[in-house]
Protein chains: 2
Amino acid sequence: MPLFGAIEAGGTKFVCGIGTGVEDLKTVHVPTTSPGETMKATVAWFREQAAGGLEAVGIASFGPIDLDPGSPTFGYITSSPKLDWRNFDFVGAIRSALGVPVGFDTDVNAAALGEARWGAAQGLSDCLYLTVGTGIGGGAIANGRVLHGMLHPEMGHIRIPHDLLRDPYPGGCPYHGDCLEGLACGPAIEARWGAPAQDLPADHPAWALEAHYLALALNNWVCTLSPKRILLGGGVMQQPRLFDLIRQELARLLNGYIQTSEVTSGLDRFVAPPQLGSRAGVAGALVLAEQAYAAWHGENE
Amino acid sequence: MPLFGAIEAGGTKFVCGIGTGVEDLKTVHVPTTSPGETMKATVAWFREQAAGGLEAVGIASFGPIDLDPGSPTFGYITSSPKLDWRNFDFVGAIRSALGVPVGFDTDVNAAALGEARWGAAQGLSDCLYLTVGTGIGGGAIANGRVLHGMLHPEMGHIRIPHDLLRDPYPGGCPYHGDCLEGLACGPAIEARWGAPAQDLPADHPAWALEAHYLALALNNWVCTLSPKRILLGGGVMQQPRLFDLIRQELARLLNGYIQTSEVTSGLDRFVAPPQLGSRAGVAGALVLAEQAYAAWHGENE
């Protein structure tokens, strides 16, 4: 079995992994500081762990990133708010340091891939993975393939109804004010209620409002992507009541219009937590490494 | 070149076509009355035109329809508001009458296919076709394949912000009130302003409001599907001012967040009318026939 490397690059840490699959995946955390420092520690760990046996590396990165294989900046982090990382050639840096094929995608697309391969969306041709934390991001699989399109989805920035009488908080997105992320990400909850989400008790009105916003978004994705399952991860989703509140609100919003067993009788499975938990992203990066390995061998035989 | 049949089944008429491609596609209209009557006229026309030479038929149907090949009601119109057509085995009826392989999809998915093959989205792996008329429906192509998922998209039923101070009209969707279709389809325009859309002059405030709602929806689909082009067809889009109003409003809503050439400098091409016009659906049905023919030959060689 070939040995693969996996990197989930986040805003505060890199999760680096090495293994042949999710079962034997060994991981380590590297703090996200400057590209020079973080990459040095990352590459050193892979060299030490793999001892020359690495066949490919997959990168699941924070964004925005350039995923267009025809672009001169393919594999770069592009207009990131993290200035040190802006215009950083992530794929090029790993490929030249480790000398192996490199797969590349967004952190949420990779998490969707990981869950479809080893987690809660196994065997499903169409699914959606959403993370609700510092930001809100989504990755979709359609007809068995990750949806990229023109750029990559930026699902946190859809617009949803916002009743200012019920919720006068204007929204915190610097680009859009009260887009979904501006209303429902972790920092928005803290700004609205004056306390971080994890400190709010289960009976706090924050959760019904949060479920309302997330259910509006899920309604829109059910009507647009028609996924067979929706997985909700991220820090905000650690509140256990939230799943049931979202399912109830989604059923109310759909109002019987979508007549499928998933929606009419299977909402507990249709809207569910990821099975790989915080390992979904790095597991998905391992799938990206596999795909890069397969593509390289397909092209070089 | 094999000869194919194509049916675009709409609420008021069937557009039936026969040809080897869009260039030689000959069409006829059959009124949509009862299944018995409409199917009899449709089948008679195909028999007369093809004289036994038909290789496959594609059906682009109003919905909801069952597209799941594993379902016992695959090929049926399911919970349609048209009671006569509810639980009608559309694919079975055509297959047994004409004895050829039958392709089947929604009218909007087929229109997306037709435009991707011969129209304004040629060569694009990811595109969106939207029709704004009696209802609002969308078909998406992702990674070169029509997006189906759990059921099929029901894009008209996404929820968007609705400012009741600017627009007190409560929305006309029997399921959702002020979903996109409830606010922005042709009958909603007529109910709000007291006159049908085609009678409203180009400087009527109806058009800025319509552009606002459609741009909110486009914003959501750009952030979710990341299409490389969006084609807007249907009766409401016959107002020529609407395209520019929508583009301006979409740019305002995205507010520089999506940095791609399509959005930053190419909005005139990114949001565009379909090239096949009212023939997009029947042309797409021809592509469905081709696909059914290819699949049948692949399985039987």
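Structure remark: mean-square fluctuation, Gaussian network model of chain A, C-alpha springs under 10 Å; the largest value among A:Pro174, A:Pro101, A:Pro227 belongs to A:Pro174.
The GNM of chain A, with springs linking C-alpha atoms under 10 angstrom apart, assigns the highest mean-square fluctuation among A:Val28, A:Val132, A:Val271 to A:Val28. Counted over the protein assembly as shown, the DSSP beta bridges are approximately 60% antiparallel. With Cα atoms as the point set, region A:38-81 shows a radius of gyration and Dmax of 13.3, 35 Å.
Can you bin region A:11-115 into rounded, prolate or oblate? Criterion: square roots of the alpha carbon gyration tensor eigenvalues sorted a ≥ b ≥ c, rounded for a/c under 1.5, prolate for a/b above b/c, oblate for the rest. Here region A:11-115 falls in the rounded category. Plainly put, the tip 7 Å out from Cα toward Cβ on A:Ser79 is 4.1 nm from that tip on each other copy, the closest given first.
Across q = 0.13, 0.19, 0.23 Å⁻¹, region A:215-301 modelled as identical point scatterers on its alpha-carbon atoms has Debye log10 I(q)/I(0) values of -0.55, -0.87, -1.10, in the order of the q list.
Of the complete DSSP H runs in chain B, those spanning 27 angstrom or more by Cα along the long axis with a mean Kyte-Doolittle score not below -1.0 are B:205-225, B:280-299. For region B:92-158, the Stokes-Einstein estimate of translational diffusion at 20 °C and a viscosity of 1.002 mPa s comes to 165 µm²/s, using the Kirkwood hydrodynamic radius over alpha-carbon pairs. Projected onto their three principal axes, the Cα atoms of chain A cover extents of 59, 40, 35 Å, largest first.
Taken over the Cα atoms of region B:123-192, the convex hull encloses 103 Å³ per residue. For region A:145-301, a crude dipole built from +1 on the beta carbon of Lys and Arg and -1 on the beta carbon of Asp and Glu, taken about the Cα centre, is about 320 debye to the nearest 20.
Close amide H pairs (under 5 Å, H built 1.01 Å from N) link A:Ala56 with A:Gly5, residues at least 5 positions away or on another chain. Between this copy and the others, label points of A:Ala44 are 8.5 nm apart in ascending order, each placed 7 angstrom from Cα in the Cβ direction. Within region A:199-243, the proportion of Cα pairs with more than 14 Å between them is 53 percent. Legend: residues B:Phe88, B:Phe4, sorted from most to least accessible area (1.4 Å probe; ligands, DNA and RNA excluded), read B:Phe88, B:Phe4. Taking the DSSP beta bridges with both ends in chain A, the antiparallel portion is around 55 percent.
From its DSSP helices (H runs of at least four residues, each -39,500 (n - 2.57)), the protein assembly as shown gives a residue-normalised ellipticity at 222 nm of -11500 deg cm²/dmol. For B:His162, the residues whose modelled amide H falls within less than 5 Å of its own, excluding neighbours fewer than 5 places apart on the same chain, are A:His162.
Taking every Cα-Cα distance in region B:153-301 and sorting them into 5 Å bins starting at zero, the pair-distance distribution P(r) comes out as 2, 8, 16, 18, 18, 14, 10, 6, 4, 3, 1, 0, 0 percent. In whole Å, how far is the Cα centre of region B:68-138 from that of region A:158-189? Using only Cα atoms, the two centres lie 37 Å from each other. Measuring with a 1.4 angstrom probe and ignoring ligands and nucleic acids, B:Asp199 comes out at about 100 Å² accessible.
Proximity of backbone amide H atoms, modeled 1.01 Å from N, is registered between B:Gly137 and B:Thr131 at under 5 Å, excluding neighbours fewer than 5 places apart on the same chain.
Note on B:His204: accessible area is roughly 40 Å² with a 1.4 Å probe, heavy atoms of protein only. Max-minus-min Cα coordinates of region A:68-226 on each principal axis give 55, 39, 28 Å, with the largest extent listed first.
From largest to smallest, the equivalent ellipsoid semi-axes obtained for the protein assembly as shown from the alpha-carbon gyration tensor read 41, 30, 22 Å. The charge dipole of the protein assembly as shown, taken about its Cα centre with unit charges on the Cβ of Lys, Arg, Asp and Glu (plus for the first two, minus for the last two), comes to roughly 180 debye. Within region B:37-107, DSSP assigns beta bridges of which about 40% are antiparallel (rounded to the nearest 5). A label point on B:Ala202, set 7 Å along the Cα-to-Cβ line, lies at 6.2 nm from each of its counterparts in the other copies, closest listed first. Each Cα pair under 8 Å and six or more residues apart adds its separation to the average, and for chain B the resulting relative contact order is 22 percent.
Shielding value for A:214-223 is 5, the average number of Cβ atoms from other chains within 10 Å of each residue's Cβ. Overall, region A:1-140 carries a charge dipole of about 300 debye about its Cα centre when +1 sits on the Cβ of Lys and Arg and -1 on the Cβ of Asp and Glu, all other atoms neutral. In terms of its Cα atoms, region A:175-217 spans 29, 20, 11 Å along the principal axes, sorted from long to short. With a 10 Å cut-off around each Cβ of A:225-233, the average count of Cβ atoms from other chains is 3.
The values are calculated or read from the model by the stated rules, or taken from the named source; none is laboratory data. All values reported here derive from a predicted model rather than from experimental measurement. All Cβ positions, glycine included, derive from the backbone under ideal geometry; neighbour counts span all protein chains shown. Heads up: the accessible areas ignore ligands, DNA and RNA and are worked out on the full protein's heavy atoms, side chains in. Shrake-Rupley method; radii C 1.70, N 1.55, O 1.52, S 1.80 Å.
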